[in-house]
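Here's the structure we're looking at; comments come further down.
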Amino acid sequence: MKIKYFFALLSISAMFLNRSFSKISPYGGPVEAMIFLGLFFRARPFLRICKEYPIFLFIFIYAMLVLVKDLLIYGVEFEYFRRAAMFFYIFIPVFFVLYAKELSVLIRKNLLTFSICFFFVIFFNIPGFQPTMAAELAGALFLASILYSRSALVSFIFLGCFFFSASGLSSGQSLFRTPFVTLFVGLFFLITFIISVGSVNKKLILIFSFCAIILVSMLFSPVVGEMVGGVLLGVSGLVDSAVLFDLGVALGGDVSSSRGSSAGTTETRAFFWGAIVVHQLSNPINFFFGNGFSSGFLNVVLPDFSFSNKDLIEPHNSFMGIFFKLGIVGLLLFLKLLKDVVGICSSWVGFWKLAPFLSIATLFASFEVALENPHGALIFWGIIFVPVVFELASAEDKRIKDGKI
């Protein structure tokens, strides 16, 4: 039994430390080892889940066949394995299913401790730490604490985690815009859910207070103006609205930094995505089966595009990345897998309680490099499973109070 809690605690540590915990190498890193050993330790239930949901094996086998084809044609290169590894990470949701109970016990008993540890990881900016991923996870944990935790302190600590990481205060970098977009969309779904179930209480007041503070402080703080401007720029790219784009720039959202301006970043990503679609549509084989793992997308779709480390650049949209690598067949298989995972989680918490977290995860994967690396994939699937773990912890707490345990 203790080994189960070890793997559960290891997964929490890996999400909190994200990239500083992970190491991409030809032989895998800590995240890959954790997943493999965790699944191996619970091999029988793992195989039962794969039998009930064969899509996990279908997409993995399909990706491995494409990898073998590339190795036979182009020879053995580390980069091929690195690009194909994202289809090993699809077993992460199985890992979470297998260890959900142990995770819930740890969360129920140590939520305040975990929140403080997460805050210190962000505040002290652990070397190699990735603030965008931390912000996405902190935003999801903030929403979960509103739904499930009786402690306002926990909610404010997770909110602090979000602001320190997303604002760049802990890392010394400029504002990260995507986490603000995903949190506000998640808040919209959460508020809608709370109102729909008639659960207007102190938690809803906390949400409205948070939004009010942001809106009022816009009038006095250029930093907050940049944050909201960044959100509007992100949304403008999502819905293709010139009005929102102009308003975002007016509020200071067009932030120039070492990572480029927000407007330029949005345009570059849209340019990449359009180039991938045009390239895939130009060849039926590429459209249906993809380009494989033998080359980065820039070398194929934009060979004359000047960029450093072109082999390492991803399109900052994991769904587009899958479409490029495995074609529409691979993308549809992945969407079927995502649908099945959503179904599994919904059976525990209900779809509409899951929706705020699903929106954060999908927007994260739509605008960042998420599923292509071990730490990003762990955060993506971890966010979707956050309400499941909190729901199990809450149910266990209720049974203890009722004297049923």
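When you count the other C-beta atoms within 10 angstrom of each residue and take the mean per peptide, 145-156, 355-366 line up highest first as 355-366, 145-156.
Per residue, the convex hull spanned by the Cα atoms of segment 11-78 measures out at 111 cubic angstrom. For a distance above 19 Å, tell me the whole-number percent of Cα pairs in segment 339-405 that qualify. Cα-Cα pairs of segment 339-405 separated by over 19 Å account for 41 percent.
In this simple spin-label model, placing a label point 7 Å from the Cα along the Cα-to-Cβ direction at both Leu47 and Lys336 gives a separation of 2.3 nm.
Taking label positions 7 Å along the Cα-Cβ direction at both Leu37 and Phe287, the computed distance is 4.7 nm, reported to one decimal.
One quarter of the surface of the convex hull around the alpha-carbon atoms of segment 1-121 equals 8.3 nm², the direction-averaged projected area. Dipole size of segment 1-127 about its Cα centre, with +1 on Lys/Arg Cβ and -1 on Asp/Glu Cβ: approximately 520 debye, rounded to the nearest 20. Here each label is just a point 7 Å from Cα along the line to Cβ, and for Lys109 and Ile400 those points are 0.8 nm apart. Could you sort out which of Lys69/Lys325; Lys2/Lys109; Lys4/Lys353; Lys101/Lys353 sit more than 22 Å apart by Cα distance in this structure? Violating the 22 Å limit, Cα to Cα: Lys4/Lys353. Spherically averaged projected area of the convex hull of Cα atoms, segment 273-405: 9.7 nm². Among residues other than Gly321 with Cβ under 13 Å from its Cβ, the summed charge is +1 (Lys and Arg +1, Asp and Glu -1). Couplings 3J(HN,Hα) for segment 142-155, derived from phi with the Karplus relation 6.51 cos²θ - 1.76 cosθ + 1.60 (θ = phi - 60°), are 4, 5, 5, 5, 5, 6, 10, 8, 7, 9, 5, 4, 4, 4 Hz, where x marks Gly and Pro.
The equivalent ellipsoid of segment 131-196 has semi-axes of 22, 14, 7 Å, largest first, where each one is the square root of 5 times an eigenvalue of the Cα gyration tensor.
Between Leu72 and Val277, full extension at 0.36 nm per residue minus the direct alpha carbon distance yields a gain of 71.1 nm.
For Asn291, the amide hydrogen comes within under 5 Å of the amide hydrogens of Lys325, Leu326, Gly327, counting only partners 5 or more places away or on other chains and with H modelled in the peptide plane. Karplus-derived 3J(HN,Hα) values for segment 380-387, using 6.51 cos²θ - 1.76 cosθ + 1.60 with θ = phi - 60°, are 4, 6, x, 4, 5, 8, 3, x Hz; glycine and proline are entered as x.
Bear in mind that the values in this text are calculations on the coordinates, not laboratory data. None of these values were measured; they are calculated from a predicted model. Quick reminder, even Gly has a Cβ in these numbers, built from the backbone with ideal geometry, and neighbours come from all protein chains shown.
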